[in-house]
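Asks: First the structure, then my questions, so here it is.
FYI, it's all coordinate maths here, none of it is from the lab. Keep in mind that this is a model prediction, so the values were computed, not measured. Don't worry about glycine lacking a Cβ; one is built from the backbone with ideal geometry, like all the others, and counts go over all protein chains shown.
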Amino acid sequence: MTISQLEITHDELKHLVSERAQTGETLLLNMGPQHPSTHGVLRLLLELDGEIVVNCIPDIGFLHTGIEKNMEAKTYEKAEVMTDRLDYLNTMGNNLAYCLAVEKLVDLDVPERAQAIRVIFAELQRIASHLVWLGTHALDLAAMSMFFYCLNQRERILDIMEMCAGQRMMTTYFRPGGLWRDVPAEFVPAVRAFIDSFPAEVDLYEGLLDKNPIFLDRTKGIGIYTAEEGIAWGITGPSLRGSGIAYDLRKEEPYSGYEQYDFEVCTEDAGDVYARYRVRMREFRESLKIVRQALDKLPGGAVRSNNRKFVPPPRAELGESMEAVIHHFKLWTEGFPAPKNSIYMPVESPRGELGVLLEGDGGPKPYRCHWRTPSFVNLQILPKISKGCYVADLVAIIGSIDIVLGDTDR
Amino acid sequence: MKAELQPVLDALQSAFGAHISEFREQAKAALAVEHIVEAARTLRDAHGFNMLAGLSAVDYWPERQPRFHAVYEFKNIAQKLRLEVRVPLGGDEPKLPTLSEVFPNANWHERELWDMFGIHVTDHPDLRRILMPADWVGHPLRKDYPLGYEEVQFSFNFKEIDQRKPRPQD
């Protein structure tokens with residue numbers, strides 16, 4: 001197929017493919033948006049010379065939902081429901097980024113207990129997200145049983161979320177000023193049971209993959225970028241740590257009390273697919289360490305701020321206090337006002353730096369809420385590192401960058 | 001605001017006439033649009049801001065002039081510094097020079113600015129829509145773009161709704 005025969009915007013893409021595509025010497029081929037190995041609705045336009053990728057043009061936006069625009073029409077509390085839908089493998093993390101941004105914008109404090117529970121959930125969510133990454137990544141590289149093992153464990157984390165938030169995935173459990181409600185009594189034993197049994201599972205995964213010759217052949221020396229290239233392209237998270245930069249926002253700019261916990265920022269030097277795999281495998285154990293420490297010193301007390309101008313009063317107060325009724329009514333009909341200024345709040349999501357640029361206009365609705373999502377930025381390096389590799393390796397590279405298309409397209 | 005950031009802000013102020021402000025311990029520098037590429041190069045080469053962490057825009061229509069602000073987030077990894085640079089852009093069809101020579105990842109961010117705000121990025125290597133379909137009309141994140149909805153087409157009213165749908169203006 002020559003370029004002129006393609007039913008896409010050919011003229012617009014001429015500058016992105018080589019001249020050989022004009023003569024039909026190389027093949028232009030669509031990969032996706034329904035291809036299972038693109039991890040969602042990512043479309044790649046590939047220029048192929050035999051089985052070698054000459055050029056790769058990512059086409060995103062199939063999952064664009066206009067969340068940033070929609071948030072501008074909701075109050076700060078109601079807009080949070082949409083944050084779950086951005087990166088659907090990191091729902092608690094999105095809630096956390098948004099709540100921290102709102103809290104910073106209006107200068108709202110969060111009780112210790114709520115912060116510790118937030119950290120526990122953020123780390124469990126990181127484990128759950130890495131499990132989906134590992135299962136699908138290994139599945140792409142023909143290790144099918146990994147998918148079943150991983151999703152089986154992820155199910156246990158989703159059960160814990162359901163126990164607390166009432167929802168497996170779309171939790172909206174964190175709220176500006178704290179949590180929706182306190183965790184039930186079964187929460188601590190359930191998390192302890194999980195973190196006690198999960199290290200053996202990680203050993204199992206490593207036993208299946210670390211010395212597996214097929215897996216090693218398909219991951220070592222593939223999709224390499226150096227630390228300098230990674231930084232220049234704005235790569236963050238495990239994808240940058242796989243190139244040897246110990247950049248982790250939980251250490252760099254601690255939030256929610258991450259500075260109290262003892263954990264290691266995992267790095268590998270090779271910068272290839274295998275290095276990024278190793279980083280995430282080690283992060284399983286570091287996340288477990290954080291969860292264990294947070295459980296050990298889980299403080300008691302309230303899980304929501306007492307600042308009634310921003311946080312609705314508990315239901316029980318409504319029957320007794322007129323003031324509580326007024327606050328309840330005002331907050332749920334009108335919302336709370338935020339100052340006419342903007343803040344940028346970055347947090348470490350399982351994929352990298354998740355930043356929220358939140359701007360208020362003095363009213364109860366966000367004037368602008370921009371999501372700097374790690375998948376969007378990290379995906380940009382794909383055309384560069386996939387040049388000259390095999391199509392089969394491209395699948396490994398996409399898996400190793402760990403993109404979520406809901407996060408990319410917003 | 002961290003003390004290490006002060007010399008950077010002073011340098012931006014003296015070299016490019018930046019207007020400095022601070023909110024919740026985050027520093028912001030407002031720059032004129034003609035200085036942004038040079039300022040980004042200075043930030044990267046002289047002050048160690050080696051990562052463009054984010055780029056987006058805000059539309060202040062109709063209250064404020066100039067209408068748009070392009071918002072750059074720069075990150076200095078070694079010194080753990082962050083700096084927000086805002087570039088006011090006037091007019092309904094503003095122009096912004098590309099930063100992709102300095103930071104390669106500005107490419108997709110600037111395509112998003114064009115797609116969502118209609119900010120024309122000059123000298124951009126690949127200025128196409130990125131999130132919306134290629135034949136989309138309008139720029140959704142502008143404040144004068146209504147938060148609309150799409151009518152559901154059934155077989156009985158397919159043609160009627162199809163006629164009302166926006167078409168590319170060619």
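Asks: Could you list the trypsin sites (Lys or Arg not before Pro) in the range A:247-299 that lie in coil according to DSSP, counting only those with at most 12 other Cβ atoms within 10 Å of their Cβ?
Replies: Loop-located and lightly packed - A:LYS297.
Asks: Still on this structure: Quick one: what are the phi-derived ³J(HN,Hα) couplings along the range A:219-226, Karplus 6.51/-1.76/1.60 with θ = phi - 60°, whole Hz, x for glycine and proline?
Replies: So the Karplus estimates, Gly and Pro as x, are 10, 6, x, 10, x, 7, 9, 7 Hz.
Asks: Shifting gears a bit: Treat the range A:166-248 as a sphere of radius equal to its Kirkwood radius over Cα pairs and apply Stokes-Einstein at 10 °C in a medium of 1.306 mPa s; give the translational diffusion coefficient in µm²/s, rounded to a whole number.
Replies: In µm²/s, the coefficient rounds to 92.
Asks: Can I ask one more? Could you compute the net charge surrounding A:THR373? Neighbours are other residues with a C-beta less than 12 Å from the C-beta of A:THR373; K and R count +1, D and E count -1.
Replies: Neighbour charge sum, excluding A:THR373 itself: -3.
Asks: Cα centroids of the range A:249-317 and the range A:177-244: how far apart, whole angstrom?
Replies: If we compute the Cα centre of each part, the gap is 14 Å.
Asks: Another one. As a test of the formula, what do you get for chain A when each DSSP H run with n ≥ 4 contributes -39,500 (n - 2.57) and the sum is divided by the residue count, at 222 nm and rounded to the nearest 500 deg cm²/dmol?
Replies: For chain A, the value works out to -14500 deg cm²/dmol.
Asks: Let me ask something else about it. So how far, in whole Å, is the C-alpha centre of the range A:150-174 from the one of the range A:129-145?
Replies: Here the two parts' Cα centres lie 20 Å apart.
Asks: Let me ask something else about it. May I ask you to sort A:GLU252, B:GLU73 by Cβ crowding, counting other Cβ atoms within 10 Å and putting the fewest first?
Replies: Going from sparsest to densest Cβ surroundings: A:GLU252, B:GLU73.
Asks: What does the range B:5-164 give for Rg and for Dmax, in Å, if only its C-alpha atoms count?
Replies: Final numbers for Rg and Dmax: 18.7, 68 Å.
Asks: Using alpha carbon centroids, what distance separates the range A:363-410 and the range B:58-135, in Å?
Replies: 18 Å
Asks: As I understand it, the value is the acute angle between the Cα axis of helix A:187-209 and the longest principal axis of the Cα atoms of chain A; what does it come to in degrees, rounded to 10?
Replies: 10 degrees
Asks: Against the longest principal axis of chain A, how steep is helix A:91-106, in degrees 0 to 90 to the nearest 10, with axes from Cα atoms?
Replies: Helix A:91-106 sits at roughly 50 degrees to that axis.
Asks: Could you identify which residue out of B:PRO146, B:PRO125, B:PRO104 has the top mean-square fluctuation in a GNM of chain B using Cα springs shorter than 10 Å?
Replies: Evaluated over chain B, the most mobile residue of the options is B:PRO146.
Asks: Any idea what % of Cα-Cα pairs in chain A are farther than 28 Å?
Replies: 50 percent
Asks: Cα-Cα over 23 Å: which of A:LYS14/A:LYS384; A:LYS104/A:LYS309; A:LYS309/A:LYS340; A:LYS78/A:LYS330?
Replies: none
Asks: Fewest to most neighbouring Cβ within 10 Å: what's the order for A:THR26, B:THR122?
Replies: Ascending Cβ contact count within 10 Å gives the list B:THR122, A:THR26.
Asks: Helix A:112-140 sits at what angle to the longest principal axis of chain A, using alpha carbons and giving 0 to 90 degrees rounded to 10?
Replies: 20 degrees
Asks: Now a separate question. Just want the ordering: B:MET51, B:MET132, A:MET82, from fewest to most Cβ atoms lying within 10 Å of their own Cβ.
Replies: Sorted ascending by nearby Cβ count, the order is B:MET132, A:MET82, B:MET51.
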